[in-house]
Amino acid sequence: KVVDYNNSCINDVSNAVFTIAPPTPVITVTSPNTNVTWYQGNSNTISWTSQYVESPFVTIEYSSDNGSSWNTIAAVTENDGSYSWLIPTVVSSQCLVRVSEYLNPVVFDVSNTSFNIAAPFITVTSPNGGNIFGGCDAHTITYTKGGISSNVKIEYSPDNGATWVNIVSSTSASGSYNWS
């Protein structure tokens, strides 16, 4: 019903009955939501948004087979939009995360794109065999890496790996080190 503020004689009422429905609850996974690589043993943040959900809690799961089966990350955790996940020892390029309303699993969202879980690695790219280094010369040691800490230790072996000699005990994991 609408009534003129100054003249209550002027008014109108709806012609038919209508229903006001509650808003539809929505959860949206925001990370991981692209083709990223997360590494075993590292912590990464799963994030999501939610609107109109009734529960203050969510359930978080992951799949390593593109959604054919699901594994529980957190059976119940606060619906605060983020969760720090310690990445399991799984290797897959078909991983997904699903966040659902606790005790109401019909309200959920899944990552839009599969992501990767991989083992951390360091691969020496130079020197990598057959090199001859002269004493007092400068050389650059290079390597590729993924999922490792922010620092690395670099060593060399004068006897084919039987013993190791320290070059640097801790340096930034930048992918290269200048060695004199």
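The values are calculated or read from the model by the stated rules, or taken from the named source; none is laboratory data. None of the values given here were measured: they were computed from a predicted structure. Please note: Cβ atoms are built from the backbone with ideal geometry, for glycine as well, and neighbour counts cover all protein chains shown. These area figures cover heavy atoms from the full protein model, side chains too; ligands, DNA and RNA do not enter into them. Shrake-Rupley method; radii C 1.70, N 1.55, O 1.52, S 1.80 Å.
Just the residues that are assigned to a strand (DSSP E or B) and polar (S, T, N, Q), please, taken from the range 4-31.
ASN11, THR28, THR30, SER31
Which residue is nearest to ILE27 (Cα to Cα), if the candidates are limited to the range 53-106 and must be assigned to a strand (DSSP E or B), among the β-branched types (Val, Ile, Thr) and open to solvent by 80 Å² or more (accessible area, probe 1.4 Å)?
The selected residue is VAL106.
Would it be correct to say that ASN116 is at negative phi, within 14 Å of the chain's Cα centre (by Cα) and not hydroxyl-bearing (Ser, Thr, Tyr)?
Against the criterion (at negative phi, within 14 Å of the chain's Cα centre (by Cα) and not hydroxyl-bearing (Ser, Thr, Tyr)), ASN116 qualifies.
Just name the residue that is farthest from VAL36 (Cα to Cα) out of those in the range 128-158 that are loosely packed, with under 11 Cβ neighbours inside 10 Å and touching a residue at least 40 places away in the same chain (Cβ under 8 Å).
CYS136
List every residue pair whose Cβ atoms sit under 9 Å apart, with the two residues 6 or more apart in sequence or on different chains, where the first one lies in the range 31-56 and is among the charged types (D, E, K, R) and the second, anywhere, is at pLDDT 95 or above.
GLU54/PRO25; GLU54/GLU101; GLU54/VAL107
Any idea which residue in the range 21-52 is modelled with the highest pLDDT, counting only those that are of a type in the set (Gly, Ala, Ser) and open to solvent by 60 Å² or more (accessible area, probe 1.4 Å)?
Only one residue fits best here, namely SER43.
Counting only residues that are of a type outside the set (Val, Ile, Thr), free of Cβ contacts under 8 Å to residues at least 40 places away in the same chain and within 13 Å of PRO127 (Cβ to Cβ), how many does the range 159-180 have?
So the answer is 2.
Search the range 130-152 for residues being within 30 Å of the chain's Cα centre (by Cα) and among the small types (Gly, Ala, Ser), and hand back the single one that is farthest from SER174 (Cα to Cα).
GLY147
Answer with yes or no whether ALA16 is open to solvent by less than 90 Å² (accessible area, probe 1.4 Å), under 27 Å from ASN104 (Cα atoms), of a type outside the set (Ser, Thr, Tyr) and without any contact (Cβ under 8 Å) to a residue 60 or more places away in the chain.
no
Listed here are the residues, each with its yes/no results for (1) within 30 Å of VAL91 (Cα to Cα); (2) in contact with a strand residue (DSSP E or B) (Cβ under 8 Å, 6 or more places away or on another chain).
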{"site": "ASN6", "(1), (2)": "no, no"}
{"site": "ASN15", "(1), (2)": "no, no"}
{"site": "THR19", "(1), (2)": "no, no"}
{"site": "VAL26", "(1), (2)": "no, yes"}
{"site": "PRO32", "(1), (2)": "yes, yes"}
{"site": "ASN35", "(1), (2)": "yes, yes"}
{"site": "GLN40", "(1), (2)": "yes, yes"}
{"site": "THR45", "(1), (2)": "yes, yes"}
{"site": "GLU54", "(1), (2)": "no, yes"}
